[in-house]
1. If you filter the range 13-109 for GluC sites (Glu not before Pro), then keep DSSP loop positions with at most 10 other Cβ within 10 Å, what is left?
2. Report the calculated FRET efficiency for E59 and E227 (r = Cβ-Cβ distance, R0 = 25 Å), to the nearest 0.05.
3. If a/c stays under 1.5 just call it rounded; otherwise compare a/b with b/c (prolate if a/b is bigger, oblate if not). Do that for the range 1-138, with a ≥ b ≥ c from the square roots of the Cα gyration tensor eigenvalues.
4. Anyone know which of P195, P135, P102 comes out most mobile in the 10 Å Cα GNM of the chain?
5. Once you order the gyration tensor axes a ≥ b ≥ c over the Cα atoms, which shape class does the range 111-241 get: rounded for a/c under 1.5, otherwise prolate or oblate by comparing a/b with b/c?
6. Under a Cβ-Cβ cut-off of 9 Å, what is the net charge of the residues other than S38 that fall near it, where Lys and Arg count +1 and Asp and Glu count -1?
7. What does the C-alpha gyration tensor say about the overall shape of the chain? Classify as rounded when a/c is under 1.5, otherwise prolate if a/b is larger than b/c, or oblate.
8. Give me the percent of DSSP beta bridges within the range 67-187 that run antiparallel, rounded to the nearest 5.
Amino acid sequence: MLIHGLGGTSASIWKHLPGDLAAEFDVVTYDIRGAGGSERVPGPYSLDDFVADLRGLVEELGLERPALVGHSFGGSIALAYAARYPGEAAAVVSAGGPVVLPEAGQQGMRDRAETVEAQGMGAVAETVATNGMAPSFREAHPDKFREYVHVLAANDPASYAATCRVIAEMDLTAELPKIEAPVLLIAGDRDGVAPPAAQDATAAALRDVTRVEVPECGHILPWEKPETLRDTTLAFLRSRV
């Protein structure tokens with residue numbers, strides 16, 4: 001199951017991955033609440049809502065012990081699910097998934113929520129894309145950078161703001177030791193949302209963890225280094241599922 005994060009959609013974030021995974025696995029993608037083709041559910045939201053949405057989808061489809069692959073907040077949802085339903089996830093891949101933001105990051109999320117509610121997504125889309133991608137990628141692929149800005153700008157402001165506030169308040173630290181599934185933590189060395197030091201702390205709290213740091217890569221790993229994400233994810237799932 002592929003779970004996208006804040007500002008993305010299943011089609012935009014995972015466009016480079018499902019086909020390769022589908023050669024060996026049954027792949028399910030979905031848009032999280034308030035994003036893409038999902039219903040615009042009024043906020044406020046909670047992390048419990050996002051985990052319950054995933055649980056409901058797993059049950060509706062009759063899936064047994066799915067492997068969860070999440071990017072950014074999608075990685076956070078995957079970790080939370082695996083902690084709250086021990087033994088019911090075959091494996092977890094968290095690509096730049098934060099566990100808890102530092103105080104400055106938490107306040108930044110709250111401020112961003114207020115900005116998009118007052119001024120719309122256009123007020124933050126370019127800044128968020130700029131901060132999310134490594135400078136080398138933006139310079140080498142200006143067309144892909146602009147495309148990602150458009151993905152962000154297309155979000156529903158109210159849903160986006162409600163999700164920002166969930167991330168601001170989220171802290172999975174105490175839940176990580178409950179995870180029984182093997183976990184792959186993969187993130188860019190220039191990821192500002194899940195930086196190397198934070199990934200080190202996350203890894204230390206997990207029972208069975210594989211850690212991969214991708215050089216010269218920011219937070220938007222599925223766009224910046226899709227081949228690395230694909231190859232690393234496939235190798236991990238082949239060995240663990």
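1. Listed in order of number, the matching sites are E39, E64.
2. Given R0 = 25 Å and the Cβ-Cβ separation, E is 0.15.
3. Details: a/c = 1.75, a/b = 1.46, b/c = 1.20.
It is prolate, given that a/c is not under 1.5 and a/b is the larger ratio.
4. Checking each option, the largest mean-square fluctuation is seen for P102.
5. In terms of gyration-tensor shape, oblate.
6. Every neighbour counted, the sum reads -1.
7. rounded
8. Approximately 10 percent, going by the DSSP bridge assignments.
Every number in this text was worked out from the coordinates using simple rules, so none of it is lab data. Everything quoted here is computed from the prediction, not taken from an experiment. When we count neighbours, we look across all protein chains shown, and the Cβ atoms used for this are built from the backbone with ideal geometry, even at glycine.
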